[in-house]
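Written below as structure tokens is the structure these notes are about.
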Amino acid sequence: MSDGLRLADLLGGLSIACDLGFGLPPEEAMRSSILAAGLARHRGLPEPEVADAYYTALLMHVGCSALSHETAQAFGDEQRVLRAIAGVNVADPDEVAGVALPMVLEDKSPAERARILRFMATPAGRRFGHDFDVGSCEVASATGRRVGLGAGVERALKECVEWWNGEGPPDGLAGEEIAPAARVARAAADAVRLDAIGGTDAVVAGLRRRSGVLLDPEVVAALIANADELLAPTRTGDPREQMLDAEPGPAIEIDPADLGSVAEAFGDLADLKTPWTHGHSAGVAHLAERAAANLRLDAQTIGRLQLSALLSDLGRVAVTNVIWEKPGPLTAAEWEQARMHSYYSERILATSEALAPVARVAGMHHERLDGSGYFRGCSGHDLPPAARVLAAADAFHAMTQDRPHRDALSAEQAADELRRDARAGKLDGDAVTAVLDAAGAQPRGRRPSLRPAGLSEREVEVARLVAAGCSNPEIAERLVVSRRTAEHHVQNIYAKIGVSSRAGLALFAHEHDLIGGQGKMGSPTDAP
């Protein structure tokens with residue numbers, strides 16, 4: 001029997017985060033992958049391309065949370081916006097205006113509606129959808145590469161939202177220039193969404209409107225002609241089991257030693273949710289690993305603790321940025337939404353056989369010894385050593401990063417806050433001491449290059465600012481250069497690293513350790 005871990009099991013569980021971040025029902029990505037595999041086989045694609053379509057459909061929305069900040073800034077609740085767009089023909093302005101826009105504007109004040117409509121009339125507003133697709137596809141493609149899915153999936157994730165008529169993003173590819181796997185995956189995802197909205201009739205009508213414009217007419221014809229047969233496996237049984245049954249052979253397996261790479265990739269996606277959380281998951285994992293070693297915890301516990309730390313904030317993608325980016329105090333109802341991210345993290349991880357052993361500790365990263373934490377309100381003996389270390393590491397790293405409602409603390413101030421919480425019985429004293437000792441040590445781990453892709457020192461500075469969401473004028477002001485010089489640096493960086501969006505650059509910065517040190521944050525008692 002193989003000792004490898006089945007990648008479809010890992011990504012199937014993690015795809016639930018993609019669903020929630022896009023405002024879609026959990027397991028919709030799994031259903032899309034089932035349909036994509038069936039449709040690709042029906043079309044007679046070779047098995048490697050069937051696999052590409054299957055994984056592309058599973059991860060199609062994996063990059064969308066990286067644009068949550070921009071979407072929320074422009075339109076409010078980004079999940080409502082994405083959910084509205086997911087069900088319409090984006091090539092039909094009347095359908096977008098008549099169906100999606102009312103959903104976006106629902107419950108908005110007159111002033112907010114006017115602001116959104118004014119924005120949509122600006123060049124940036126008219127370009128927004130294109131820029132969103134460019135960024136999300138770059139992040140999705142890079143994630144496919146990082147988790148080991150190969151060049152076919154990497155290409156298909158980059159091309160899966162191209163329009164058949166050549167008028168779409170990101171590169172204006174047309175017809176058969178678009179990878180076959182991308183064409184199948186896009187049609188499958190649209191069909192599953194339409195099926196959830198209105199069954200077979202909605203699938204047939206919706207795909208016909210998209211045929212020849214967004215979608216490959218031959219793929220649409222095959223899907224429509226066999227809609228009920230092809231959709232049947234997505235409608236019955238457990239989607240996870242059906243997804244695993246549909247996986248093209250041979251099943252892709254990874255060495256258990258490489259599980260950390262998959263966790264790092266998804267931890268980075270969670271951190272891209274806001275410009276203020278970049279590097280948080282990896283930073284907490286480094287602290288927790290060193291602290292656990294200081295406490296002489298066993299190797300298996302340390303290994304699982306690292307995975308828990310990397311994935312503990314995955315549930316953040318399920319909570320709107322309207323909550324995470326609120327500059328003032330949260331209301332009671334908003335706090336409840338924020339606290340739910342720990343629950344989402346645990347439940348997402350629990351759906352994967354390989355990740356289930358780390359789910360409970362990941363969900364405990366905001367628990368406190370005195371029972372004042374969340375989401376369970378555990379106390380004392382309910383918290384294992386790994387959870388105590390994770391809570392202290394997360395609190396310290398969080399305090400040393402900025403948040404919209406507060407400035408960061410210095411490492412010394414954060415240490416004082418951590419010790420105060422230990423004296424008050426909120427955090428474990430031994431865990432706090434171990435974390436603070438770890439924080440004083442030089443970070444270990446790979447730093448492949450301090451200036452990857454041939455970036456100059458100034459370009460690294462600019463890259464960090466772009467990744468943090470700074471505009472060209474803000475970069476110019478911070479670095480005391482002209483706006484033209486800032487724009488020149490940004491374009492050079494994009495060209496050197498092969499991306500054209502802030503989200504793509506931010507993920508590159510994560511992957512190459514350009515985010516910086518601990519960063520800055522506030523008190524563990526005032527930040528979710």
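Between R145 and V480, the FRET efficiency from the beta-carbon distance, with R0 = 45 Å, is close to 0.75.
Would you mind working out the magnitude of the charge dipole of segment 256-439 relative to its Cα centre, with +1 at each Lys and Arg C-beta and -1 at each Asp and Glu C-beta, to the nearest 20 Debye?
Using Cβ point charges on Lys, Arg, Asp and Glu, segment 256-439 gives about 320 debye.
Listed values for segment 125-140 are Karplus-derived 3J(HN,Hα) couplings in whole Hz (6.51 cos²θ - 1.76 cosθ + 1.60, θ = phi - 60°), namely x, 5, 8, 4, x, 4, 5, 4, 5, 4, x, 5, 5, 4, 5, 4, and x replaces Gly and Pro.
Which value in Å does the Kirkwood hydrodynamic radius of segment 256-439 take, with 1/r averaged over all unlike C-alpha pairs and then inverted?
16.2
Reducing segment 101-135 and segment 1-80 to their Cα centroids gives an inter-centroid distance of 26 Å.
The residue among M243, P329, A97 whose Cα reaches farthest toward the positive pole of the charge dipole of the chain, with charges on the beta-carbon of Lys, Arg, Asp and Glu, is P329. Rounded to the nearest 20, the size of the Cβ-charge dipole of the chain about its Cα centre is 1180 debye, with Lys and Arg at +1 and Asp and Glu at -1. Based on the alpha-carbon gyration tensor of segment 257-339 and its eigenvalue square roots a ≥ b ≥ c, which shape applies: rounded if a/c is under 1.5, prolate if not and a/b is larger than b/c, or oblate? Because a/c hits 1.5 or more and a/b exceeds b/c, segment 257-339 counts as prolate. The angle between the Cα long axis of helix 429-439 and the main principal axis of the chain comes to about 70°, on a 0 to 90 degree scale. The angle between the Cα long axis of helix 457-467 and the longest principal axis of the Cα atoms of the chain comes to about 70 degrees, rounded to the nearest 10. A356 to H381: FRET efficiency via 1/(1 + (r/R0)^6), r the Cβ-Cβ distance, R0 22 Å, to the nearest 0.05? Efficiency computed from Cβ-Cβ geometry: 0.45. For the chain, averaging the sequence separation of C-alpha pairs within contact (under 8 Å, six or more residues apart) and dividing by the residue count gives a relative contact order of 17 percent. Using 0.36 nm per residue and subtracting the Cα-Cα separation, the extra length available between A293 and Q491 on full extension is 67.0 nm. In segment 1-246, Rg over Rh equals 0.96, where Rg is the alpha-carbon radius of gyration and Rh the Kirkwood radius from pairwise Cα distances.
So if R0 is 22 Å, what FRET efficiency would S109 and T331 give, r being the distance between their Cβ atoms, rounded to the nearest 0.05? Calculated transfer efficiency: 0.85.
Which value results for Rg/Rh of segment 140-248 when Rg is the Cα radius of gyration and Rh the Kirkwood radius based on the inverse mean 1/r? Reported Rg/Rh (Cα atoms, Kirkwood Rh): 0.99. Of T485, T351, the sequence from fewest to most neighbouring Cβ atoms within 10 angstrom is T485, T351.
Packing, as the average of other Cβ atoms within 10 Å across residues, places the peptides 111-124, 272-285, 235-248 in the order 272-285, 235-248, 111-124, highest first. Considering only alpha-carbon pairs that sit under 8 angstrom and 6 or more positions apart, the relative contact order computed for segment 256-439 is 23 percent. Dividing the Cα radius of gyration by the Kirkwood radius, what Rg/Rh value follows for segment 452-511? Taking Rg over the Kirkwood Rh, I get 0.92. Helix 280-294 and the longest principal axis of the C-alpha atoms of the chain enclose an angle of approximately 40°.
Between (1) 24.1; (2) 25.5; (3) 33.1, which matches mean projected area of the Cα convex hull in nm² calculated for the structure shown? Derived directly from the coordinates: (1). Once both labels are positioned 7 Å from their Cα atoms along Cα-to-Cβ, the gap between E253 and E461 label points is 5.1 nm. Across segment 125-177, C-alpha contacts under 8 Å between residues 6 or more apart give a mean separation that, scaled by the residue count, equals a relative contact order of 29 percent. The alpha carbons of segment 1-131 stretch over 63, 31, 23 Å along the principal axes, in descending order.
Here, each number is a calculation from the coordinates, and none is a lab measurement. What you see is a predicted model; the values in this text were computed from it and never measured. Backbone-built Cβ (ideal geometry, glycine too); neighbour counts: all protein chains shown.
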